[in-house]
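A short reminder: the numbers here are calculations on the coordinates, not readings from a lab. Every value quoted in this text rests on a predicted model; they were computed, and no experiment measured them. Heads up, the Cβs are rebuilt from the backbone with ideal geometry, glycines too, and the neighbour counts pull from every protein chain shown.
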Amino acid sequence: MRIYKTRSEAADACKHGKVIINNIECKPSRIVKTGEIITVRKLPVVYTYRVIDVTENRQPAKNVSQYAENLTPQEELDKLDAKSPAIFVHRDKGSGRPTKKERRTLDNLLNELNS
């Protein structure tokens, strides 16, 4: 379905449980059938597709819409445009790495911003 750029990327995603068909993790050799729902985790987005038709031959990318319907919610697609906040903490040159207490403070600050 051309969700991944190469077959090896797709196979690795299947092996690592990032491709789910009808709520079941699948193997790279799984045969896809018409009407199945495919969920793909490509961080930060979880894509969802419905198989409309199956073809035996490789097709050009422009024909993907004939074979798969994109069901990905808009909230997921909006994650692609979301920018993570950039936080810069000034440390004096030569002061070394943050202490354990300073690191906890930084982690708490980042957790508050991400919540």
| request: Grab every C-alpha pair in the chain, bin the distances at 10 angstrom width from 0 up to the longest one, and report whole percents. | output: 11, 32, 22, 15, 13, 6, 1
| remark: Largest fluctuation, Ser65, Ser95, Ser29 only, Gaussian network model of the chain with Cα springs under 10 angstrom, belongs to Ser95
| said: Suppose R0 equals 41 Å. What FRET efficiency, 1/(1 + (r/R0)^6) with r the Cβ-Cβ distance, do Arg30 and Leu113 give to the nearest 0.05? | reply: 0.55
| said: If amide hydrogens are placed 1.01 Å from N in the peptide plane, which non-local residues have theirs closer than 5 Å to the one on Lys42? | reply: Tyr47
| query | Cα to Cα, under 26 Å, and not fewer than 8 places away if on the same chain: which lysines meet these conditions relative to Lys93? | reply | Lys101
| note | Distance in nm between Glu102 and Glu9 label points, each 7 Å along Cα→Cβ, equals 3.9 nm
| query | What full-extension length gain, to one decimal in nm, is calculated for His16 and Glu56 as 0.36 nm per residue of separation minus the Cα-Cα distance? | reply | 11.8 nm
| Entries in Lys79/Lys100; Lys5/Lys33; Lys18/Lys62 that, when Cα-Cα distance is taken, lie over 27 Å | Lys79/Lys100
